[in-house]
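The values are calculated or read from the model by the stated rules, or taken from the named source; none is laboratory data. Nothing here was measured: the structure is a model prediction, and the numbers come from that model. All Cβ positions, glycine included, derive from the backbone under ideal geometry; neighbour counts span all protein chains shown. Note: areas computed on protein heavy atoms with side chains; ligands, DNA, RNA excluded. Shrake-Rupley method; radii C 1.70, N 1.55, O 1.52, S 1.80 Å.
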Amino acid sequence: MRKPVIAGNWKMYKTLSDSVDTALALKPLVANANHCEVIIAPVFTALKTVCDRLEGSNIKVAAQDCSTEKEEGAHTGEVAAFMLRDVGVRYVIVGHSERRQFYAETDEQVNRKVQAGLAAGLSVIMCVGETLAQREEGSAQDVVSRQLIGGLGGLTASDLDRIIVAYEPVWAIGTGRTATPEQAQEMHAFIRRVFADRHSQDAADALRILYGGSVKPDNIVGLMAQADIDGALVGGASLKADSFAQIVNYRV
Ligand code: PEP
């Protein structure tokens, strides 16, 4: 039985005090959500305070990125995964399409971030997803399988239970245009098959695959009803405590 994960990616929004206010507003609204793991991903500068203020609650904190480097050193502007772990972070999002698109992040870099996150004891949410042009030219599955295989190379069987994959079609992120539940299900089932071929059927059966792309309170139920959709990575609708809580508190 795969425990669903509902994760909110706050991107580059919110000051420290806004982050704390939203986190504290969310806390009572999701306090009874035992059916899923609840995660929020504030900006780096808010991570420590938000972790402290959420201690003892059922909300876990993710970072939105980490360095490819595992050790401390001369890497100006970078934050190592073990430093995130040090302030109470439990998850790290890597390979988000905004990092791939705007910061030219490659699968090789994503893989190094996955390895760094795992080595630091974090669970890793690795994002994959095709652009609209790639979907229209019929290469969506090729793109997603390349990202999956490239991003998850070199992992051992014991690493796999700390891997979560987020399928986020780029054309659905922040656009208000969601993949239909059937489109998402088709790609999620494909991801699970690729994972089974690379690793094992048991590992694939246990893998949580989240959907991301304009998830809202009014479409979460249809998405969660799909056999291979194990949760959501939510951007815009996670910025307000009440809309994110409605998504967390979905019931199929
Ligand atoms: C995201 O940031 O990962 C995302 C899916 O954004 P949105 O929900 O706004 O489309």
With all protein chains present, how much of the accessible area of the chain (probe radius 1.4 Å) comes from carbon and sulfur, to the nearest whole percent? 49 percent
The chain: relative contact order in percent, alpha carbon pairs under 8 Å with at least 6 residues between: 21 percent
Region 46-134 - charge dipole about Cα centre, Lys and Arg +1 at Cβ, Asp and Glu -1, debye rounded to 20: 280 debye
Over 18 Å between Cα atoms: which of Lys14/Lys48; Lys14/Lys240; Lys14/Lys216; Lys27/Lys240; Lys48/Lys216 fall into that group? Lys14/Lys216; Lys48/Lys216
5 angstrom amide H check on Ile93, placed H, neighbours 5+ away: Ala63, Gln64, Asp65, Ile125
Contact order normalised by residue count of region 120-252, Cα under 8 Å, 6+ apart, percent: 24 percent
Simple Cβ-charge dipole of region 189-235, Lys/Arg +1 and Asp/Glu -1, about Cα centre, in debye nearest 20: 120 debye
Gyration tensor (alpha-carbon) shape descriptor, the chain, a/c threshold 1.5: rounded
So for the pair Glu55, Lys3, with labels modelled 7 Å out along Cα→Cβ, what separation do we get in nm? 2.1 nm
For the chain, what is the calculated [θ] at 222 nm in deg cm²/dmol (nearest 500), taking -39500 (n - 2.57) for each run of four or more DSSP H residues and dividing by its residue count? -12000 deg cm²/dmol
Just the number, please: Stokes-Einstein D of region 153-246 in µm²/s, Kirkwood Rh from C-alpha pairs, 25 °C, 0.890 mPa s. 177 µm²/s
What three numbers, in Å, describe the spread of the alpha carbons of region 31-85 along their principal axes, ordered from the longest? 44, 20, 15
Treating the beta-carbon of each Lys and Arg as +1 and of each Asp and Glu as -1, no other charges, what is the dipole magnitude of the chain about its Cα centre, to the nearest 20 debye? 520 debye
